[in-house]
Amino acid sequence: MSVEEDQRAIRCLVAKVGLDGHDRGAHVISRAFRDAGFEVIYSGLHNAPDEIVQAAVQEDVDVLGISILSGAHNTLVPKIVAGLEEYGAFEDTLIILGGVIPDKDKEPLQEAGVDAIFGPGTPMSDTIEFVRENAPER
């Protein structure tokens, strides 16, 4: 067995949280991650923070990509981080956030546990490279 065959694919949950109904970006990133060789689970629309946490824990994901355009990121994202901490999954999960996030909100979100924030227009290759370089090894 080669080294490549022995390595498990990076498992990613691409999640839509809250009442945000715009999922084009989540579909685009899901396809790009799949094409990059990642194993992708897509949550679908309108998930509560605890549903995202449960899916991340049950699927044993390496990466949680949260797509949010509703403006509720300061409320919903910390709830997801707290849930991951409660289940002991925070340290083993790379958390990335995508959407229109005002500059003033980025630092508090990163202090709350978000590893990276990717806004509109970010080259897909940048996001993929970040995940490859920062996903936890298991």
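The values are calculated or read from the model by the stated rules, or taken from the named source; none is laboratory data. Because the structure is a prediction, the values reported are computed rather than measured. No Cβ is skipped: glycine too gets one built from the backbone with ideal geometry, and neighbour counts run over all protein chains shown.
Restricting segment 4-48 to residues that are more than 15 Å from the chain's Cα centre (by Cα) and among the hydrophobic types (A, V, I, L, M, F, W, C), which is modelled with the highest pLDDT?
Restricting to residues being more than 15 Å from the chain's Cα centre (by Cα) and among the hydrophobic types (A, V, I, L, M, F, W, C), the top hit is Ala36.
Pairs only if they're at least six apart or on different chains, beta carbon under 8 angstrom, first in segment 116-138 and farther than 16 Å from Gly37 by Cα, second among the basic types (Lys, Arg) and outside any loop (DSSP other than H, G, I, E, B); list them, first residue then second.
Taking only residues 6 or more apart or on different chains, the pairs are Ile117/Lys106.
Filter segment 78-102 for residues that are closer than 20 Å to Asp20 by Cβ and either part of a loop (DSSP other than H, G, I, E, B) or of a type in the set (Asp, Glu) (or both) and give the result.
Gly99, Val100, Ile101, Pro102
Can you tell which of Ala15, Ala32, Ala9, Ala26 is assigned to a helix (DSSP H, G or I), in contact (Cβ under 8 Å) with a residue 12 or more places away in the chain, touching a strand residue (DSSP E or B) at 6+ places or on another chain (Cβ under 7 Å) and of a type in the set (A, V, I, L, M)?
Ala26
Let's see how each residue does on (1) among the hydrophobic types (A, V, I, L, M, F, W, C); (2) at pLDDT 95 or above; (3) within 18 Å of Ala26 (Cβ to Cβ):
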| residue | (1), (2), (3) |
| --- | --- |
| Leu84 | yes, yes, no |
| Ala89 | yes, yes, no |
| Leu94 | yes, yes, yes |
| Gly98 | no, yes, yes |
| Phe118 | yes, yes, yes |
| Val131 | yes, yes, yes |
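Checking Asp60 against (1) in a loop (DSSP other than H, G, I, E, B); (2) within 21 Å of Met124 (Cβ to Cβ), which single condition isn't satisfied?
Against the list (1) in a loop (DSSP other than H, G, I, E, B); (2) within 21 Å of Met124 (Cβ to Cβ), Asp60 comes up short only on (2).
List the residue pairs whose Cβ atoms are under 9 Å apart, where the first residue sits in segment 41-61 and is free of Cβ contacts under 8 Å to residues at least 24 places away in the same chain and closer than 13 Å to Val81 by Cβ, the second is crowded, with 21+ Cβ neighbours inside 10 Å and charged (D, E, K, R), and the two are 6 or more positions apart or on different chains.
From segment 41-61, no pairs qualify.
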